[in-house]
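The values are calculated or read from the model by the stated rules, or taken from the named source; none is laboratory data. It should be emphasised that the depicted structure is a prediction, and the values quoted were computed from it without experimental measurement. Every residue, glycine among them, receives a Cβ derived from its backbone with ideal geometry; neighbour counts consider all protein chains shown. SASA here: full protein model, heavy atoms, side chains in, ligands and nucleic acids out. Shrake-Rupley method; radii C 1.70, N 1.55, O 1.52, S 1.80 Å.
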Amino acid sequence: MNPKKKIVVAITGASGSIYAKVLLDKLQLLEDQIEEVGIVMSDNAKDVWQFELGNQSFSDYNFKFYQKNDFMAPFASGSAKFDSMIVVPCSMGTMARIAQGTSSDLTTRAADVMLKERRKLILITRETPLNLIHIQNMQAVTLAGGVICPASPSFYSRPSTFEELAATVIDRVLDMIGLDLATYRWGK
């Protein structure tokens with residue numbers, strides 16, 4: 001049995017709140033594999049969630065939320081030994097600050113910690129089209145050890161709802177951080 005995971009989730013103000021919602025829903029279902037989930041959510045992320053999903057259900061989750069400038073949060077230091085960090089959705093501005101090592105808030109500081117500690121950092125980017133600056137920032141994050149996971153859903157499983165469609169991305173991410181989940185598997 002794998003040890004329980006300590007996971008940071010950062011939610012930025014990019015469009016795609018459905019991805020964050022599906023991630024939080026699935027993390028709740030997988031609680032037996034998780035020691036701790038820490039969440040940092042920008043003010044703009046809360047506004048976008050309200051606009052896109054029509055509610056403030058982000059406050060209903062039984063995870064610990066941290067303020068965006070709380071540098072005393074455990075995952076602001078490598079000594080807290082968080083295993084992985086998922087930024088969902090990840091705005092291009094947040095990715096740029098991570099790529100350049102600008103630790104100006106808890107999200108970017110935690111991402112910097114993940115990279116310096118050689119732990120899993122996954123950015124679920126949600127932007128199209130991409131300009132050269134975006135691509136270069138993606139390259140910088142990748143070369144530093146992060147994973148760029150565009151919010152590009154698949155259709156093999158024939159999803160019939162927005163949540164099922166978003167889950168095609170989120171399930172891949174949960175696989176990447178080492179959680180065991182029942183999901184569509186190609187060829188099965």
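Determine the calculated [θ] at 222 nm for the chain from helices alone, applying -39500 (n - 2.57) to every DSSP H run no shorter than 4 residues and normalising by the residue count; nearest 500 deg cm²/dmol.
Working: 6 runs with 70 residues, N = 188.
So the calculated ellipticity at 222 nm is -11500 deg cm²/dmol.
Number of Lys pairs in the stretch 40-117 with C-alpha atoms less than 20 angstrom apart, excluding same-chain neighbours closer than eight positions?
Count of close lysine pairs: 5.
Which percent of the accessible heavy-atom area of the chain goes to carbon and sulfur, probe 1.4 angstrom?
Working: 4960 of 9800 Å².
Answer for the chain: carbon and sulfur cover 51 percent of the accessible area.
Report, by chain and number, residues whose modeled amide H sits under 5 Å from the one on Ile39, excluding near sequence neighbours (fewer than 5 apart, same chain).
Val9, Lys64, Phe65, Tyr66
If you count only protein heavy atoms with a 1.4 Å probe, what accessible area per residue comes out for the chain, rounded to a whole Å²? Intermediate values should be presented prior to the final figure.
Details: 9800 Å² over 188 residues.
For the chain, the per-residue accessible area is 52 Å².
Tell me the accessible surface of Thr183 in square angstrom (1.4 angstrom probe, heavy atoms of protein chains only), to the nearest ten.
The value for Thr183 is about 40 Å².
If amide hydrogens are placed 1.01 Å from N in the peptide plane, which non-local residues have theirs closer than 5 Å to the one on Thr125?
When sequence neighbours closer than 5 places are left aside, the close amide H contacts are Cys90, Cys149, Ala151.
Which of the trypsin sites (Lys or Arg not before Pro) found in the stretch 33-127 are in a DSSP loop and have at most 12 neighbouring Cβ atoms, other than their own, within 10 Å? If you can, show how the numbers build up before the last one.
On the way: sites: Lys46, Lys64, Lys68, Lys81, Arg97, Arg109, Lys116, Arg118, Arg119, Lys120, Arg126; in loops: Lys68, Lys81, Arg118, Arg119, Arg126.
Hits after loop and neighbour filter: Lys81, Arg118.
Roughly how big is the chain's charge dipole about its Cα centre, with Cβ charges of +1 (Lys, Arg) and -1 (Asp, Glu), in debye to the nearest 20?
500
No solvent, one uniform scatterer per C-alpha: report log10 I(q)/I(0) for the chain via the Debye equation at q = 0.11, 0.12, 0.13 1/Å, two decimals.
-0.44, -0.53, -0.63
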